[in-house]
Number of protein chains: 2
Amino acid sequence: MPDYALGIDLGGTNLRFAAFRPDGRMLDKVSVPTNIGSGREALLQAIVGGVAQVRRLRGSDLLLGIGIGVPGFILLEKGIITKSPNLPGLENFAMRDELQSRLGPPVRLENDANAAALGEKWQGAGQQVDDLVLLTLGTGIGGGIISGGSVLHGYLGMAGELGHLTVDPSSDVLCGCGATGCLETQASATAIARMARESGLGEVTSAQVYTLAIGGNAQARTVFERMGRALGLGLSLLINTFNFPLYLLSGGVLAAWDLFAPALLDECRRRSLTFRQTDTRIEKATLGEEAGLYGAARLALP
Amino acid sequence: MPDYALGIDLGGTNLRFAAFRPDGRMLDKVSVPTNIGSGREALLQAIVGGVAQVRRLRGSDLLLGIGIGVPGFILLEKGIITKSPNLPGLENFAMRDELQSRLGPPVRLENDANAAALGEKWQGAGQQVDDLVLLTLGTGIGGGIISGGSVLHGYLGMAGELGHLTVDPSSDVLCGCGATGCLETQASATAIARMARESGLGEVTSAQVYTLAIGGNAQARTVFERMGRALGLGLSLLINTFNFPLYLLSGGVLAAWDLFAPALLDECRRRSLTFRQTDTRIEKATLGEEAGLYGAARLALP
């Protein structure tokens, strides 16, 4: 009887499920709307329903365990989400234990960016190394640190809050975390749209700023150059701290790599002797939106 | 026959040796001038001579191994110092293997701040935790990261270059590493003296700035407040990255704790949700200048 692990990605929009063989091969994938507006009990039932659906698809295969990637701060030991701006109904609720009692197999919670980093290490761009950092560039910026092959958690599970590294102390742009000058406010998709607006490009999305920049618009190009500088400064902090061989970037913004990478690399060279002297790599992640599913499933394996 | 490990601190001024029992008890201590001006061979002979001196003091005790803390970048795998501004004669020299062949027992090299962090974990302020960061505040600023009880090295041994975290991107003060805005240029003893000079206090040492501040001098007090802000920003980067329970500070500047700590803690609260929500501790290290000797000896133990 072949066995498998189940990875779940609890996103603000979609709740995604995928089954994996222990060797990393993806089997089935299921997606349902998260519908967080319907409340906590509806969400728990949607999770239970999704798991049942995958189990039916797997027939008599043995489900080894379930990992869930969640956008928020998690108290690992207790399996509690302490802070999750996109899933307010789940805060300070003993989610892991509740799901485990409803589902049966062992359940593990993990921050979504940590799960994505672990997924990239397991089956993505980080397979050849034991140490890497992943930055996920989206509406916000998440971070996951893999050290010695495992997620670096810190003592409460809050390590890797890399979107909240201060990269511009003089900035007065307020971040959701309550601080100013956070990497997230200077290099996320949201930041790109804001900087474009400030440059007089009007109400545009980051994708539209990209199109404008590709078309030669000078202000749009400057926005990506500023974003690259901020991201490069953030990466230099990580390189000087960790001396890891690999730093990965993921998210839709990566399409604009050619526009922001020169400023990013220039800033890393300027701010890190380690970067200048070594073959440290900064690369695109390869699993895309599925990285978190891979990592969540990996958590459920021995 | 009782056994012991030998820790060596290769400082720019003094070459210090100490023997330790495996349980952490310090036995003998020997110090000789480093005399780096006399060249590499003289230094190697001074090391061999110091080790012989400790061995005579230990009689028939068994020397298990020798650890050496060195101020500089070390290629761990090869046992080579690649960059050491204070010990230029040792750069790109196979120091570990040469010493091991002259001395006999296994020799390990380590960056001096890493060794100090390990010493604090072993017998100092970090005994109760497995994860901590130490910042050594002196002429420069060094960093050592202990993760899971061991030194976090990175893939080449260059992790923990925390004096070179950018904390003020708008600064034009040039650091020895080639960058501007490094923590080292904003919060070291050298930085305190420079900021005092810029405030019109003339050519003063950091100790004199301290005396002035204690006496109520407003400019001198502002210097420590600025230093505290820079250090707090640097610590917030580490807290958001690691979520470790303990961050230690060491160095003579710590005497001025009461002058810089309020600004430091204010900045950590401002820039780290993790700091605000948890019982993260920022404390003084306790082993002083001997931390590196302890850590170097610990390296030589299984």
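The numbers here are math on the coordinates, done by the rules we state, and not lab data. The model shown is predicted, which means the values in this text are computed figures rather than measured ones. Every residue, glycine among them, receives a Cβ derived from its backbone with ideal geometry; neighbour counts consider all protein chains shown.
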**Complete:** For the stretch A:188-302, averaging the sequence separation of alpha carbon pairs under 8 Å that lie six or more residues apart and dividing by its residue count, the contact order in percent is 25
**³J(HN,Hα), Karplus 6.51/-1.76/1.60, whole Hz, each residue of the stretch A:149-160, x for Gly, Pro** = x, 10, 5, 7, 9, x, 7, 10, x, 9, 5, x
**Asked** Once you average over the residues of B:145-158, how many Cβ atoms of partner chains fall within 10 Å of each Cβ?
**Response** 5
**Fill in**
One decimal, nm, nearest first: from residue A:215 to the same residue in each other copy, label points 7 Å out along Cα→Cβ, the values are 6.7
**Fill in**
Bounding extents of the stretch A:214-302 in its principal axis frame from Cα atoms, largest first in Å, are 50, 34, 17
**Request:** With just the Cα atoms of the protein assembly as shown, tell me how far they stretch along each of the three principal axes, in Å, largest first.
**Result:** 75, 61, 42
**Request:** Based on alpha-carbon positions alone, could you give the equivalent ellipsoid semi-axes of the stretch B:121-207 from the gyration tensor, as √(5λ), descending, whole Å?
**Result:** 29, 16, 9
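Give the longest segment of chain B that steers clear of GluC sites (Glu not before Pro) in DSSP loops with at most 16 neighbouring Cβ atoms within 10 Å, not counting the sites themselves. The partial results should precede the final answer.
Details: sites that count: B:77, B:91, B:203.
In chain B, the maximal stretch lacking such sites is B:92-202.
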**Item:** Residue order, fewest to most beta carbons within 10 Å, for A:298, A:281, A:58
**Value:** A:281, A:58, A:298
**Request:** Could you let me know the centre-to-centre spacing of the stretch A:25-91 and the stretch B:1-78, using Cα atoms, in angstrom?
**Result:** 56
**Message:** Show log10 I(q)/I(0) for the stretch A:92-146 at q = 0.23, 0.25 Å⁻¹, two decimals, from a solvent-free Debye sum over equal Cα scatterers.
**Reply:** -0.84, -0.88
**Principal semi-axes in Å for the stretch B:200-244 [√(5λ), Cα gyration tensor, largest first]** = 29, 9, 8
**Request:** Kindly put A:141, B:47 in sequence by how many other C-beta atoms sit within 10 Å of each C-beta, fewest to most.
**Result:** B:47, A:141
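Hull surface divided by four, with the convex hull built on the Cα atoms of chain A: how many nm²?
Its average projected convex-hull area is 15.8 nm².
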**Request:** Enter the Cα centre distance for the pair the stretch B:180-248 and the stretch A:172-211, rounded to the nearest angstrom.
**Result:** 32
**Request:** Would you kindly compute the Cα radius of gyration of the stretch B:173-231 and its largest Cα-Cα separation (Dmax), both in Å?
**Result:** 11.1, 36
**Prompt:** If you take the square roots of the eigenvalues of the alpha-carbon gyration tensor of the stretch B:1-158 and sort them as a ≥ b ≥ c, do you get rounded (a/c under 1.5), prolate (a/b over b/c) or oblate?
**Reply:** oblate
**Request:** Just tell me which lysines come within less than 29 Å, Cα to Cα, of residue A:78; anything on the same chain fewer than 8 places away is out.
**Result:** A:29, A:121, B:121
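Translational diffusion coefficient, Stokes-Einstein: compute it for the stretch B:157-288 using the Kirkwood radius over C-alpha pairs as Rh, at 37 °C and 0.692 mPa s, and state it as an integer in µm² s⁻¹. Working shown, then result.
Details: Rh = 15.2 Å.
It comes out at roughly 216 µm²/s.
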**Request:** Search the structure for amide H atoms under 5 Å from the amide H of residue B:108, placed 1.01 Å from N in the peptide plane, and list their residues when 5 or more places away or on another chain.
**Result:** B:66, B:67, B:68
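Relative contact order for chain B: what percent, with Cα pairs under 8 Å and sequence separation of 6 or more?
Details: 675 pairs, mean separation 64.0, N = 302.
Computed value for chain B: 21 percent relative contact order.
Pairs of Cα atoms under 8 Å, at least six residues apart: use those to get the relative contact order of the stretch B:128-197, whole percent. Please list the in-between numbers first.
On the way: 114 pairs, mean separation 19.0, N = 70.
Computed value for the stretch B:128-197: 27 percent relative contact order.
For peptide B:175-181, compute the average count of partner chain beta-carbon atoms within 10 Å of each residue's beta-carbon.
Details: counts 2, 1, 6, 6, 9, 2, 4.
What the average comes to for B:175-181 is 4.
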**Fill in**
Given unit charges at Cβ for Lys, Arg (+) and Asp, Glu (-), the dipole magnitude of the stretch B:128-286 about its Cα centre in debye, nearest 20, is 260
**Item:** Placed amide H near residue B:246: partners under 5 Å, 5+ positions off or other chain
**Value:** B:133, B:281
**Request:** With only Lys, Arg, Asp and Glu charged, each at its Cβ (+1 for the first two, -1 for the last two), find how big the charge dipole of the protein assembly as shown is about the Cα centre; round to the nearest 20 debye.
**Result:** 280
**Complete:** Label points for residue A:85 built 7 Å along Cα→Cβ; distances to same position in the other copies, nm, shortest first, come to 3.9
**Fill in**
Ordered by fewest other Cβ atoms within 10 Å, a rough proxy for footprinting exposure, A:156, B:238 read A:156, B:238
